[in-house]
1. Kindly flag which residue pairs out of LYS20/LYS52; LYS8/LYS67; LYS35/LYS67 have an alpha-carbon separation exceeding 20 Å in this structure.
2. Multiplying the sequence separation of PHE86 and LYS8 by 0.36 nm and subtracting their Cα-Cα distance, what value in nm do you get?
3. Relative contact order of the chain: what whole-number percent is it, with Cα pairs under 8 angstrom and at least 6 residues apart?
4. How large is the Kirkwood hydrodynamic radius of the chain, in angstrom, based on all distinct alpha carbon pairs?
5. Using θ = phi - 60° and the Karplus relation 6.51 cos²θ - 1.76 cosθ + 1.60, list the HN-Hα couplings for the range 13-25 in order, rounded to whole Hz, with x at every Gly or Pro.
6. To the nearest 10 square angstrom, how much accessible area does GLU5 have with a 1.4 angstrom probe?
7. Viscosity 0.890 mPa s, temperature 25 °C: Stokes-Einstein D of the range 33-80 from its Kirkwood Cα radius, in µm² per second?
8. Quote the accessible area belonging to CYS70 in square angstrom, nearest 10, computed with a 1.4 Å probe and with ligands, DNA and RNA left uncounted.
Amino acid sequence: MKIMEYRKIAPMHFDNDQMKGVAGRVAIGAGDGAKNFTMRVFEIAPGGHTPKHAHDWEHEIFIHAGKGECYHNGQWHPLRPGDVMFMPALEEHQMRNAGNEVFVFVCLVPSEAPEL
């Protein structure tokens with residue numbers, strides 16, 4: 001069993017031509033003995049975003065804090081704390097911060113997906 005405050009996990013920072021102001025943490029993964037899923041926590045700074053991308057696996061997202069938007073099927077969809085989101089496999093999407101505070105969300109992916 002593992003119980004810990006996620007902010008104590010060292011983040012990986014992403015800031016390049018495709019991603020801006022993104023910090024990601026593997027909250028629960030293979031190193032914890034998780035065999036089916038990986039739980040990742042992302043923080044996106046104001047003005048930041050993930051790349052537009054698609055992948056072979058579905059994922060489930062829970063919005064924890066801040067205001068964000070998800071790009072899908074040619075349009076942006078607002079996201080607020082408490083929202084849940086399902087992204088099917090192979091569908092292009094992107095997340096961005098739409099507010100003035102850090103946008104935080106939890107992402108669950110199958111264990112065969114890269115942890116980060």
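The values are calculated or read from the model by the stated rules, or taken from the named source; none is laboratory data. As the structure is a computational prediction, the values presented were derived from the model and not from experiment. Protein only, heavy atoms only, side chains kept; ligands, DNA and RNA dropped before computing areas. Shrake-Rupley method; radii C 1.70, N 1.55, O 1.52, S 1.80 Å.
1. Checking Cα-Cα distances, LYS8/LYS67; LYS35/LYS67 exceed 20 Å.
2. Separation in residues times 0.36 nm, less the Cα-Cα distance, equals 25.4 nm.
3. Computed value for the chain: 30 percent relative contact order.
4. Averaging 1/r across every pair of different Cα atoms and inverting gives 14.4 Å.
5. Result, ordered by residue: 9, 10, 8, 8, 5, 9, 10, 9, x, 10, 10, x, 10 Hz.
6. Only protein atoms counted, so the area is about 80 Å².
7. Translational diffusion coefficient: 189 µm²/s.
8. Result for CYS70: roughly 0 Å² accessible.
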